[in-house]
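Just so it is clear, none of the values below were taken in a lab; they were calculated from the coordinates. Since we're looking at a predicted model, the values are computed, not measured. Don't worry about glycine lacking a Cβ; one is built from the backbone with ideal geometry, like all the others, and counts go over all protein chains shown.
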Amino acid sequence: MVSTNDKDRAAPRLPSIRRLLGLANKTATKFSGQRLVEHGLTLRQWVLLTALWRRDGLTVGQLAEHYRATEPSTSSLVSRMENKGLLARRHDPDDRRHVRVYLTERGRALDHLASIDEQIDEALLAGFTASEAHKFAAMMERLIANANGDRASG
C-alpha cells in the first residue's frame, strides 16, 4: 500500500495507475500489431498460432483457454484463419465428437514469428537496465496479484 505519512503528503500526486496501464496496454498492443501486419497477421491470430506452434492439434476450447477468450469468438477467429489458409479443422481420429485445429503448411511457415514477443519486449524496454526490467516485471506481477485480490504474493 502507498504510504500516506506527512512527508509523503507533500509529494506530488501519482498519475492514475489504471490510466497509465490502459495507455501502456493500448500502445504496446498497437506496437505489436504493427510488427505483425507486415506478415499478414493480427495480434489475436499470432496468439493462436503460438499455441499451435507449441502443440498442434488443440481443440477450439483449448485455444480459447490459451487466448483467454470465449469458445464462440475463438471459433470465429479459427474460421477466419482457415479462410486465410493458416489452419485446418479435422475430427479427432480417436473421438469423432471432438474437432481439432491443425496448422497448415502456410501456418507452419510463419513459425519464425514465435519469438517476435521477445523482439517486441526488447524494443519496449529500450533504455531500461536489466535490473530495472526485472524490477518492472516483478512490480507488474505484484500489481496483477493485488488486482486479483492475492495480496499475500507481494
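Mean residue ellipticity at 222 nm, helices only, the chain: -17500 deg cm²/dmol; runs of at least 4 DSSP H residues each add -39,500 (n - 2.57), and the sum is divided by the number of residues. With everything on Cα atoms, drop me the angle between helix 130-147 and the longest principal axis of the chain, reported from 0 to 90° to the nearest 10. It works out to around 80 degrees.
Taking Cβ atoms as reference points and 15 Å as the exclusive limit, the residues near ALA137 contribute a net charge of -4, counting Lys and Arg as +1 and Asp and Glu as -1. Within the set (1) 2, 7, 13, 15, 16, 14, 10, 9, 6, 3, 2, 1, 1, 0; (2) 2, 10, 19, 22, 20, 14, 8, 4, 1, 0; (3) 2, 9, 16, 19, 17, 14, 10, 7, 4, 2, 0, 0, the number that P(r) over Cα pairs in 5 Å bins from 0, in percent takes when calculated for this structure is listed as (1).
Multiplying the residue separation of THR27 and ASP94 by 0.36 nm and removing their Cα-Cα distance gives an extension gain of 19.7 nm. Centre-to-centre, using Cα atoms only, region 63-104 and region 40-62 are separated by 9 Å. For LYS30, which aspartates and glutamates qualify as cross-link partners when the Cα separation must be under 17 Å and same-chain residues fewer than eight apart are set aside? Result set, ordered by chain and number: GLU38, ASP117, GLU118, ASP121, GLU122. Computed from backbone phi, the HN-Hα couplings of region 12-29 come to x, 5, 5, x, 4, 5, 4, 5, 4, 5, x, 5, 4, 4, 4, 5, 5, 5 Hz, rounded to whole numbers (Karplus: 6.51 cos²θ - 1.76 cosθ + 1.60, θ = phi - 60°; Gly and Pro given as x). Take 22-33, 60-71 and order them by the average number of nearby Cβ atoms within 10 Å per residue, most first; the result is 60-71, 22-33.
Per residue, the average separation of C-alpha pairs within less than 8 Å and at least 6 apart gives the chain a relative contact order of 16 percent. Relative to the longest principal axis of the Cα atoms of the chain, the long axis of helix 43-54 makes an angle of roughly 70 degrees.
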